[in-house]
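In what follows, a structure is listed as C-alpha cells, so that the remarks can point back to it.
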Amino acid sequence: MVRPVRRSRAGLPGWAFAPAALGAVFVVLPLVAVVAEVDWAAFPSLVTSEASLAALRLSLVTAACSTAVCLLLGVPLALVLARCSFPGLRVLRSLVLVPLVLPPVVGGIALLYTFGRQGLLGSSLEVLGLRVAFSTAAVVIAQSFVAMPFLVLSLEGALRGGGTRYERVAATLGASPTAVLGRVTLPLVMPGLVSGAVLSFARSLGEFGATLTFAGSLQGVTRTLPLEVYLQRETDARAAVALSLVLVVVAVVVIVVARGRRTEGL
C-alpha cells in the first residue's frame with residue numbers, strides 16, 4: 001500500500017520547509033552581515049562626505065531620468081509586444097529581454113561601440129558636437145539599457161493577464177484608440193506599470209558594470225553610488241560598508257513599494 005505524502009496545513013509537503021529555510025538564510029544572512037559590520041559611530045560622517053553625497057545625488061537623479069526614459073519608450077514597446085502580431089514578434093521580444101541576462105559590462109561595451117566617438121552612431125553625433133560616452137548622459141543611457149526590460153516584462157505580463165474585453169467594448173462604443181489606451185488600458189494595468197517603473201528605478205540605482213564601461217568614473221559627473229562603493233572598498237572599507245547599507249535600505253524600500261503595488265493589483 002502506497003502511503004500518501006504528508007502535507008502541511010499550507011498544502012505543501014513537510015520536507016519543503018527545510019530547504020526553504022536554508023534558501024531564506026542564504027539570501028538574508030549576507031544582508032545581516034553588512035548591518036553587523038557597519039561602524040555606527042562613524043556612520044553619519046561616512047555617508048555624508050562630499051564624495052558620498054555627490055555619488056548619491058547623481059545616482060538618484062540619473063535613476064529618475066532613466067526611469068522616465070523607460071516609461072517613455074518601454075510602455076509603447078510593451079503595448080506592441082502584448083497587443084500586436086507580426087512576423088518576428090518572438091525574436092523582437094527575445095532581443096528586448098536580452099539585457100536581463102547579458103553581463104552588464106558586455107552591455108557597456110555594446111553601448112560604447114554604438115555611442116562612442118568611433119561608434120555606430122557616435123561618429124555622427126561627434127560631427128554635431130554631441131559627445132555621449134563618458135558623460136552624465138551616458139550614465140542615463142546605460143541605466144536605461146539594463147532597466148527597460150524590467151518595465152517591459154512587468155507591463156506586458158499585466159496587459160496579457162488583463163485581456164482585451166474592456167478595450168473592445170470601449171472601441172465598440174466609439175472611443176478612439178488613444179482614448180481607449182488612456183481611459184481603459186493604462187488604468188487597468190496601472191499596478192503592473194507602477195511595479196515595473198519601481199523595479200526599473202531600483203535596477204538603475206544599482207547599475208555598475210555598464211555604467212563603468214560606458215560612462216567611466218568621474219566624481220560628480222559619472223561616479224554613481226555603486227561606483228563609489230567599489231572605489232571606497234580599495235581605500236576605506238568602513239565607508240564602503242556604510243554606503244552599501246544605504247543601497248540595501250533603498251533596495252528594501254523599493255521592493256516593499258513594488259510588492260505592495262503588485263498585491264493591490266491582485
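Just so you know, all these numbers are worked out from the coordinates, no wet-lab data involved. Values in this document were obtained by computation on a predicted structure and should not be read as measured data. As a convention, Cβ positions derive from the backbone with ideal geometry for all residues, glycine included, and neighbour counts pool all protein chains shown.
Remarks
- Put simply, when 108-121, 214-227 are sorted by average Cβ atoms within 10 angstrom per residue, most first, you get 214-227, 108-121.
- Working note: Karplus 6.51/-1.76/1.60 with θ = phi - 60° gives segment 196-210 the couplings x, 5, 5, 5, 5, 4, 5, 5, 5, 5, x, 5, 10, x, 5 Hz, where Gly and Pro are set to x.
- Highest average packing first - 139-145, 206-212, Cβ atoms within 10 Å: 139-145, 206-212
- Over every Cα atom in segment 69-130, the radius of gyration and the widest Cα-Cα span, Dmax, amount to 14.8, 40 Å.
- Dipole check for segment 1-139: with +1 at the C-beta of Lys and Arg, -1 at the C-beta of Asp and Glu, and the Cα centre as origin, the magnitude is about 920 Debye.
- Packing here is the average count of other Cβ atoms within 10 Å per residue, and on that basis the peptides 246-252, 232-238, 195-201, highest first, run 195-201, 246-252, 232-238.
- Here the 3J(HN,Hα) profile of segment 120-134, calculated from phi with Karplus coefficients 6.51, -1.76 and 1.60 at θ = phi - 60°, is 4, 10, x, 5, 5, 5, 4, 4, 7, x, 10, 10, 8, 4, 6 Hz, Gly and Pro shown as x.
- Label of the coordinate-derived value, Cα extents along the principal axes in Å, listed as (1) 53, 43, 33; (2) 68, 61, 34; (3) 48, 40, 33: (2)
- Modelled FRET efficiency - R0 51 Å, residue 49 with residue 118, Cβ distances, 0.05 increments: 0.85
- Estimated purely from DSSP H runs of n ≥ 4, each contributing -39500 (n - 2.57), the mean residue ellipticity at 222 nm for the chain is -23000 deg cm²/dmol once divided by its residues.
- Whole-number percent relative contact order across the chain, with pairs defined as alpha carbons under 8 Å at least 6 apart: 28
- Shown in residue order for segment 17-28 are the 3J(HN,Hα) couplings computed by the Karplus curve 6.51 cos²θ - 1.76 cosθ + 1.60 at θ = phi - 60°: 6, 5, x, 5, 5, 5, x, 5, 5, 4, 7, 7 Hz (x for Gly and Pro).
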